[in-house]
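The values are calculated or read from the model by the stated rules, or taken from the named source; none is laboratory data. Quick caveat, the model's predicted, so the values are computed rather than measured. We place every Cβ from the backbone using ideal geometry, glycine too, and count neighbours over all the protein chains shown. What goes into the accessible areas is simple: the full protein's heavy atoms, side chains included, and nothing from ligands, DNA or RNA. Shrake-Rupley method; radii C 1.70, N 1.55, O 1.52, S 1.80 Å.
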Amino acid sequence: MKTLLNLIWLVLAGFWLAVGYAVAGLICCVLIVTIPFGIAAFRIAGYTLWPFGRTVVDKPSAGAGALLGNLIWIVFAGWWLALGHLTTGIALCLTVIGIPLGIANFKLIPVSLLPLGKEIVPSNQPFA
């Protein structure tokens with residue numbers, strides 16, 4: 001079931017959302033100072049391509065640097081990406097088939113706003 005949901009997700013929303021993260025990652029990698037933001041954006045782009053069967057958890061080693069980086073991220077890229085997830089999620093929830101995909105979009109909003117200090121791990125839940 002996860003594979004089927006991931007394939008539908010990829011066609012309806014995942015590819016374009018991942019492109020948004022990849023563009024943000026490329027822009028962040030232009031300057032040396034923002035490379036950690038670019039790495040986080042590429043990591044989330046991969047998660048956005050194939051989200052079902054994986055989940056986001058807090059990294060125990062994250063500290064004040066992740067907090068400061070997340071504040072900078074929100075201002076420059078996070079709110080654009082969160083807005084993309086919000087609009088895509090609302091559009092997908094308009095159809096019965098798209099409701100699980102819309103809910104998945106809403107679950108991606110927190111990590112799109114605060115990507116630093118997060119880790120993507122396999123999920124043990126059937127539809128997480």
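Within the option set Val121, Val111, being at pLDDT 85 or above, open to solvent by less than 30 Å² (accessible area, probe 1.4 Å), closer than 20 Å to Phe42 by Cα and β-branched (Val, Ile, Thr) holds for one residue only, Val111.
Determine whether segment 11-21 contains at least one residue that is out of contact with any Gly (no Cβ under 9 Å at 6 or more places or on another chain) and not in a helix (DSSP H, G or I).
So in segment 11-21, the residues out of contact with any Gly (no Cβ under 9 Å at 6 or more places or on another chain) come out as 11, 14-15, 19.
Next, from what is left, pick out any that are not in a helix (DSSP H, G or I): none.
No, there is no match, as no residue in segment 11-21 is out of contact with any Gly (no Cβ under 9 Å at 6 or more places or on another chain) and not in a helix (DSSP H, G or I).
Of Thr55, Thr88, Thr48, Thr95, all but one fail to be free of Cβ contacts under 8 Å to residues at least 40 places away in the same chain and among the hydroxyl-bearing types (Ser, Thr, Tyr); the exception is Thr95.
With a requirement of 1 or more residues that are of a type outside the set (Ser, Thr, Tyr) and under 20 Å from Asn6 (Cβ atoms), the helices (runs of 4 or more DSSP H) lying completely within segment 24-128 that satisfy it span 35-49, 79-93, 99-113. Across segment 7-35, which residue is surrounded by the most Cβ atoms within 10 Å (Cβ to Cβ) among those that are closer than 18 Å to Thr87 by Cα and among the β-branched types (Val, Ile, Thr)? The extreme case among them is Ile8.
Check segment 51-60 and report whether any residue there is under 18 Å from Thr88 (Cβ atoms), open to solvent by 80 Å² or more (accessible area, probe 1.4 Å) and at pLDDT 85 or above.
In the first step, residues of segment 51-60 are kept if they are under 18 Å from Thr88 (Cβ atoms); the result is 51-52, 56.
Next cut, open to solvent by 80 Å² or more (accessible area, probe 1.4 Å) only: none.
Checked segment 51-60: no residue is under 18 Å from Thr88 (Cβ atoms), open to solvent by 80 Å² or more (accessible area, probe 1.4 Å) and at pLDDT 85 or above.
If you go through segment 69-108 and pick out every residue that is surrounded by fewer than 14 Cβ atoms within 10 Å (Cβ to Cβ), more than 11 Å from Leu17 (Cβ to Cβ) and of a type in the set (S, T, N, Q), you end up with 1.
State all residues of segment 4-15 that are out of contact with any Leu (no Cβ under 9 Å at 6 or more places or on another chain) and in contact (Cβ under 8 Å) with a residue 12 or more places away in the chain; if no residue qualifies, say none.
Filtering segment 4-15 down to residues out of contact with any Leu (no Cβ under 9 Å at 6 or more places or on another chain) leaves 4, 7, 11.
Residues satisfying the conditions do not exist here.
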